[in-house]
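What follows is a short report on a single structure.
Computed from the coordinates by the stated procedures, all read-outs in this text should not be read as laboratory data. Predicted, not measured: the structure shown is a model, and the values here were computed from it. Backbone-built Cβ (ideal geometry, glycine too); neighbour counts: all protein chains shown.
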Amino acid sequence: MRGGRTAARWLPAVLAVLALTAACATTQAEDPGDPATTSTGPATGPATGPATGTGTSTGTSTSPSATGSASASAPPVADPAHAVDPPGPRTGQVGIADLIVYSTRTLRPDMVRAIKHLKGVTRVEPMAMGQVVIENKALTVAAVDPATYRNFTPYASAETRQVWARVAGGEVALRPGLRGKLPTDKQDYVRLGSGKDAPQLHVGAWAPQTPEVDAVVNDTWIEPLGMQPDNALLVTTGLASPESMRKPIERIAGGGASVQLTDVVARKGLDTSVQQTALLVGTVADAVGTFNYTVLGGGHIAPDPAWVRSHITTAPVPILGDVTCNRLIFPQLRAALQEVVDRGLASKIHPQEYAGCYYPRFIAGTTSLSNHSFGLALDLNVPGNQRGTAGEMDRTVVAIFEKWGFTWGGDWHYTDPMHFEMNALVKPR
């Protein structure tokens, strides 16, 4: 790992989702305005219970010229257990990377050196990259050295020193396009992951990032988020054509790596010319494993047939009958539905209004995966439980599902009351 530590204590490993998809529903070009830091750091820590606030920070915009100077004072450290040395004045060339290399494994130092020394490569920046699922939407997180990664962001972000001081202090920086769309609490904390024990981080800044990245933390968060250290590499090719460098880089990085063109990512949200990979770890890792897929038209994806054979099955459950889901969801799904029956509430679930569990596609209008792609979510009583409404789902049924390790979409920032997704492995006894 890179960057000096001010503390060596780690939080326990928690649920995180690692993947290489362009999780942004909004591309970088659609992120408006200058970088902005939140007005104050966290005073008392995250609020207890689920993060269901407005997601609209009260911070004010910070001019790059005001905070990019050497005289700018660093904000108080938000999380001493996850702080690194604050960055000094920015040095070096600024410019968006031309390619992003991603692997399910750490890119070895000799691989990074070989890529760096290719004729045509001018700069490289190692980082950890993966995904977290927040309210059924996958967001790409990068764990970085803020002092050097900043040079791969748009100029206004790179020059706004306070953004990187906040990241160095243990906070998260998010794309401005996500502002108001994430379930932050009243103190501007956001839970990075769908698991009950996923870490809550204070939102320190809203700032445009390198293409494909939605959220940035410093690299002390790699272990708590379950990320793979240095499994991604930003590459700048200068005058050389990025397309001409793809094959040489792929030969060095090996077959397990994906090399994406960031200009395609910036325009389309995803470089569909390469195979995508999702590697889930943490609470539900066993339910997904390594998820390889290719992109089809119309928002559909084609998972690796071997993954489908080993992870997806059709089996009977109470009330609904035969359903097609991830194999590991069945014990707790059966237990939840059987308790609904035992408590005389079977009529509260309408089998004819069940809309499915496993369907491999992106969330409508985005290139983000949902838990339906992994067979880990199901939609019930669809007509009376549309998005953005309180819904008609019986609240005792909701409580039963939550007891058996499911999250209910009716509690989300933008509600989805038909939706239940697995957020913990629960074994019936």
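Worth pointing out:
- Applying the Karplus relation 6.51 cos²θ - 1.76 cosθ + 1.60 with θ = phi - 60° to the range 328-334 yields 3J(HN,Hα) values of 6, 7, 4, x, 7, 5, 4 Hz, where x marks Gly and Pro.
- Cα→Cβ-extended label distance, 7 Å offset, between residue 399 and residue 241, nm: 6.5 nm
- Length-normalised contact order of the range 310-422 in % [C-alpha pairs under 8 Å, at least 6 apart]: 23 percent
- Residue 250-residue 155 FRET efficiency (beta carbon distance; Förster radius 30 Å; 0.05 resolution): 0.50
- Electrostatic tally near residue 350: other residues with Cβ closer than 13 Å to its Cβ, Lys and Arg +1, Asp and Glu -1, net -3.
- Taken along the Cα-to-beta-carbon direction at a fixed 7 Å, the label points for residue 352 and residue 322 span 2.0 nm.
- Taking the square roots of five times each eigenvalue of the Cα gyration tensor of the range 310-422, the equivalent ellipsoid has semi-axes of 20, 18, 12 Å, listed largest first.
- Residue ranges 179-187, 317-325, 163-171 sort as 163-171, 179-187, 317-325 when ordered by packing (mean number of other C-beta atoms within 10 Å per residue, highest first).
- With K and R counted +1 and D and E -1, the other residues having a Cβ less than 13 Å from that of residue 409 yield a net charge of -4.
- Highest to lowest packing among 146-159, 385-398, scored as the average C-beta count within 10 Å: 146-159, 385-398
- In the range 93-239, the alpha-carbon atoms span a convex hull of 106 Å³ per residue.
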